[in-house]
Amino acid sequence: MIKVSVMYPNGKDVEFNANYYKTKHLPMVVNALGDALKGLELDLGMASRVPGEPAPYVAIAHLKFNDIESFQASFTPHAKTFAADVVNYSNVQGELQISELITF
């Protein structure tokens, strides 16, 4: 299993509408990806390791798939639509990382 993490960096002038992301963007993604998507988790940054400093990421979405091929086959046809929606919830682009998911 793999995890695709979309990480939105935090910063001084970063804007992120978590409500829109949770209620509009992510449901659109879930619907578009269909059965290829095996799970979804959302982390909303609260703090960093240094007290009083903001979290390094304002949000991180974790999408789970069986393999890279199923991710690419389900995501690629909708990538432009997903990217075009970013202006509705943030002024920063997410960084994407694909990881092997290992559970203990």
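Taken together, the values in this text are just the output of simple stated rules run on the coordinates, not laboratory data. Quantities reported herein were computed from a predicted structural model and do not represent experimental measurements. As a convention, Cβ positions derive from the backbone with ideal geometry for all residues, glycine included, and neighbour counts pool all protein chains shown.
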task = Please go through segment 54-80 and pick out each residue that is more than 15 Å from L37 (Cβ to Cβ) and not hydrophobic (A, V, I, L, M, F, W, C).
result = P54, P56, Y57, K80
task = Might you check whether a residue that is touching a strand residue (DSSP E or B) at 6+ places or on another chain (Cβ under 9 Å) and among the hydroxyl-bearing types (S, T, Y) occurs anywhere in segment 46-65?
result = yes
ask   = Only one of V14, V30, V50 is surrounded by fewer than 17 Cβ atoms within 10 Å (Cβ to Cβ), among the hydrophobic types (A, V, I, L, M, F, W, C) and within 23 Å of N91 (Cβ to Cβ); which?
value = V14
ask   = Among the residues of segment 62-104, which ones are in a strand (DSSP E or B), touching a helix residue (DSSP H, G or I) at 6+ places or on another chain (Cβ under 7 Å) and surrounded by 16 or more Cβ atoms within 10 Å (Cβ to Cβ)?
value = F65
ask   = Among the residues of segment 7-21, is there at least one that is closer than 18 Å to F65 by Cβ and either touching a Ser or Thr at 6+ places or on another chain (Cβ under 7 Å) or among the aliphatic types (A, V, I, L, M) (or both)?
value = yes
Segment 8-49: number of residues that are touching a residue at least 40 places away in the same chain (Cβ under 8 Å), of a type in the set (A, V, I, L, M) and in contact with a Leu (Cβ under 8 Å, 6 or more places away or on another chain) = 3
